[in-house]
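Have a look at the structure below, then the notes.
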Amino acid sequence: MELLAVVIMLAILATISIPTFQKAVSRTRDKEAISMLRLIGQAEEIYFLELDTYVNCNSAAACNTALRLSLSARNWTYSVTGGGGGWTARARSTAANPPNRNWTYTKGNADSDADPTCSGCI
């Protein structure tokens, strides 16, 4: 009887804690994407100061080479589209948690530093 009570209590605790843990993992991965996009943005601006153009890259490896970064492709795929007047960096989730998340960070002609935005976020 006591063993049954312990098993029931553990099941209740697991039911409560697993969704909370998954939300924490999701928030942490989102913060990773945001900070990497900001890092890409800073590297783009340095690249522009040196070569008077912005970088285009379609993978973390290509962005690492062009912008001298060390992006990890474990949870996100990164791409950057650069033009004469600005750039757009994107991070697309490859992990199951959070699924279908796409972060975008854009710098246009104006010197505005808007925050990264998410599509697929709740």
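Of all residues in the range 100-113, those satisfying the criterion of being at pLDDT 75 or above and within 14 Å of GLY41 (Cα to Cα) are TRP103, THR104, TYR105, THR106, LYS107. Scanning the range 63-93 for residues that are of a type in the set (Ser, Thr, Tyr) and either modelled with pLDDT under 90 or over 15 Å from SER26 (Cβ atoms) (or both) yields THR65, SER70, SER72, THR77, TYR78, SER79, THR81, THR88. Suppose we keep only residues that are under 15 Å from the mean Cα position of the chain (by Cα) and among the aromatic types (Phe, Trp, Tyr) within the range 42-88. Which one would you say is nearest to GLU32 (Cα to Cα)? Here the residue is TRP76.
The criterion of at least 2 residues that are surrounded by 12 or more Cβ atoms within 10 Å (Cβ to Cβ) and free of Cβ contacts under 8 Å to residues at least 12 places away in the same chain is met by none of the strands (runs of 3 or more DSSP E) falling completely within the range 12-122.
The values are calculated or read from the model by the stated rules, or taken from the named source; none is laboratory data. Quick caveat, the model's predicted, so the values are computed rather than measured. For neighbour counting, all protein chains shown are included, and Cβ atoms are generated from backbone atoms with ideal geometry for every residue, glycine included.
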